[in-house]
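A quick write-up on the structure given underneath.
The values are calculated or read from the model by the stated rules, or taken from the named source; none is laboratory data. As the structure is a prediction and not an experimental result, all values here were calculated from the model. Counting neighbours? That spans all protein chains shown, and the Cβs are built from the backbone with ideal geometry, glycine included.
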Amino acid sequence: MNNATTISLRIAHERALAEEWALVLEAEGLSPSVRQIRNGFVLGVPAEEAERATTALSAYEKENPAKPHDEGELVESAHLLSGLAIAGALLAFFFFTGPWNSAARWFERGSADAERILLGELWRTVTALTLHADLVHAVTNAIACALFISAVFGVLGPGLGAVLVLLAGAGGNFLNALLHGSLHISVGASTSIFGAVGVLGGLGVVRRRLRGVRGRRAWIPIAAGFALLAMLGTGGQRVDLWAHLFGFLTGGVLGVLVAFAVPHPPGPRIQWTLGSAALVLVIYSWIFALR
């Protein structure tokens, strides 16, 4: 585009905001450009599109008002508290069930026993996510849960985020059972935690490509996820690498699908509904396990 025919419409201090404006204009069939200057990023459009662009941005901001700074901090704190609450619930459940004991009913009925899962005991793909082999295992997963699951909540909201993380963990356990076939038993929330990493990676790739990022730069979120998997998901004697990998891949697929299907986080009512559904799924899975 010839800069002589381009009108500078707005200046943003952050590239993300300038690219958001550009996406709005592209959706209207316009031809925006974003260029970096010393103190920010300039959004430009061809001179003949300036009036339409100004109208489109005004309409967009009227429909999507910016949240006050304090309100944004409050929302972020709520997401962190939600993640901490799940981490606390995992620790509390560990102290209730105790460490690994193959003779205990909790582990005998709730572990991800590959053979039993393939025979139809699908509840195990969910219940196994709430069991842990020892205190170190439980504490490590609780800390990771507070970090990564809170991050998913911050992007998608706690309800939708909880459903995706739970489905990623259950899907990872099921694929792990398919791989091993039999004689394989695992427990732990780490499959869901790496599912959360996968969700973030899938979302990041799609959103970067929608903003016009191409080539290897578009795949940075997935590459970062694989790096985390390599650093955190492959060490230790009791680490189930395949479960971690399958959780990550399932989460990645879910993240890509949701990025296209749900461009904006749902409202509070839907978030509450989805979060309740995730909790009910865990409860009913344990009811089936212990009946």
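In table form, for the structure just shown:
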read-out: Count of the range 135-149 residues which are farther than 16 Å from F248 by Cα and either touching a helix residue (DSSP H, G or I) at 6+ places or on another chain (Cβ under 9 Å) or touching a residue at least 60 places away in the same chain (Cβ under 8 Å) (or both); value: 8
read-out: Check on A53, farther than 19 Å from R207 by Cα and at pLDDT 85 or above; value: yes
read-out: Complete set of residues in the range 27-41 that are under 31 Å from the mean Cα position of the chain (by Cα) and part of a strand (DSSP E or B); value: S33, V34, R35, Q36, G40, F41
read-out: Total residues in the range 13-22, condition surrounded by 15 or more Cβ atoms within 10 Å (Cβ to Cβ) and not charged (D, E, K, R); value: 4
read-out: First in the range 94-116 and under 17 Å from N173 (Cβ atoms) and of a type in the set (S, T, N, Q), second anywhere and modelled with pLDDT of 95 or more and assigned to a helix (DSSP H, G or I), Cβ under 6 Å, 6 or more apart; value: S111/A128
read-out: Any helices (runs of 4 or more DSSP H) falling wholly within the range 178-287 and containing at least 3 residues that are aromatic (F, W, Y) and either modelled with pLDDT under 90 or in the same structural domain as L156 (by TED's automatic domain parsing) (or both); value: 241-261
